[in-house]
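Colleague: To start, I am sharing the structure in question, which I have written as structure tokens.
Laboratory data are not the source of any read-out in this text; all were calculated from the coordinates shown. Please read these numbers as outputs of a predicted model, since none were measured by experiment. Cβ sites come from the backbone with ideal geometry, for glycine too, and all protein chains shown count toward neighbours.
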Amino acid sequence: MKPAIARFRRAAAVAAIAAALPAAMAITMTAGAPVAANAQSGGNTGVSASHKAEFEKIVRDYILRNPEIVAEAIQILRAKKKVAEATADKELLASNRAMLISDPASPVSGNPKGDVTIVEFFDYRCGVCKRIHPIVDELVRTDKNIRRVYKNWPILGPNSVLAARAAIASRKQGKYLSFHKVMIEAKSDFGEGTIMAIAQSVGLDAARLRKDMRSPETSAIIGKNYALAEKLKLNGTPSFVIGDTLLRGGRDLESLRVLVAEARAKKKK
């Protein structure tokens, strides 16, 4: 058999097994159903025990002769799952686009009119968030056409909530970005004393900040961020949205640049 034909037949067999696995499971379950119940209703089993046994023998014999086909079939199934997940993410982003990029309650840095928006969900007590912070800073610093949106999403306990409240409240005094920078770079558990010391170091009025931290508006913003993260099915911080791509976890600088370039290219089509 010519190599090209052999490769084609093998690929076809792998695809067939990958597609047949769910069906095989269904057949097995159907064949195992009580025959008496079908007989009483005047129906039949659909698949006889002999047909089931024959099918299982064919699949088993083929796999035993070609055990590597299982790994190949699993790879196909994983690839299909990855495509399905990416498609689902795009649909989630499309249906929540306005809250992601246009919510006036979310602070913005970089170029307010940038052609690519990066949305960042973070927690001040998240170690990965702190490690990726300078990477995203460098990305925005070297690309003057990126708009960066901040979503405080405190998921690591009461002190995370306290820190997020302080950051959100700092906007009332026009100090969010300077306060955020010190907070995200600080190695602290963020008790109230530490938070107020940081606040005063960037010129915030601590008494006013405490008052604004307790306001219904601050609570509402945190609630909206929680609700948005839930709709997007995020599972932790950091999480990013770049164009129609949803990232769960950190990335290196070059990977982020590639995603920004892809998002920019799609907008030009």
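Colleague: Express in whole angstrom the spacing between the alpha-carbon centres of segment 222-269 and segment 44-102.
Modeller: With segment 222-269 and segment 44-102 each reduced to a Cα centre, they are spaced 26 Å.
Colleague: Next question. Need the list of lysines near Lys187 for cross-linking: C-alpha distance under 18 angstrom, and skip anything on the same chain fewer than eight residues off.
Modeller: In chain and number order, the partners are Lys130.
Colleague: For Cys126, what residues show an amide H to amide H distance below 5 Å, using hydrogens built from the backbone and excluding near sequence neighbours?
Modeller: Counting only residues 5 or more places away or on other chains, the set is empty.
Colleague: Straight-line reach from Lys269: which lysines fall under 22 Å, measuring Cα to Cα and dropping same-chain residues less than 8 apart?
Modeller: Qualifying lysines at Cα under 22 Å: Lys90, Lys113, Lys144.
Colleague: With N denoting the number of residues in segment 147-223, provide Rg(C-alpha) divided by 2.2 N^0.38 Å, to two decimal places.
Modeller: Against the compact-globule rule of thumb, the ratio is 0.98.
Colleague: Report the far tail of the P(r) of segment 84-218, meaning the percent of Cα-Cα pairs longer than 23 Å.
Modeller: Of the Cα pairs, 36 percent sit more than 23 Å apart.
Colleague: Okay, next question. Give me the aspartates and glutamates in straight-line cross-link reach of Lys81: C-alpha distance below 15 Å, same-chain residues under 8 apart excluded.
Modeller: Glu72, Asp89
Colleague: Moving to a separate point now. How large is ³J(HN,Hα) for each residue in segment 150-167, as worked out from phi by the Karplus curve 6.51 cos²θ - 1.76 cosθ + 1.60 (θ = phi - 60°), to whole Hz, x for Gly and Pro?
Modeller: 9, 10, 5, 10, x, 10, 10, x, x, 5, 5, 5, 4, 5, 5, 4, 5, 5
Colleague: Test of understanding: ordering Phe55, Phe190, Phe121 by Cβ neighbours within 10 Å, fewest first, what list do you get?
Modeller: In increasing order of surrounding Cβ atoms, one gets Phe55, Phe190, Phe121.
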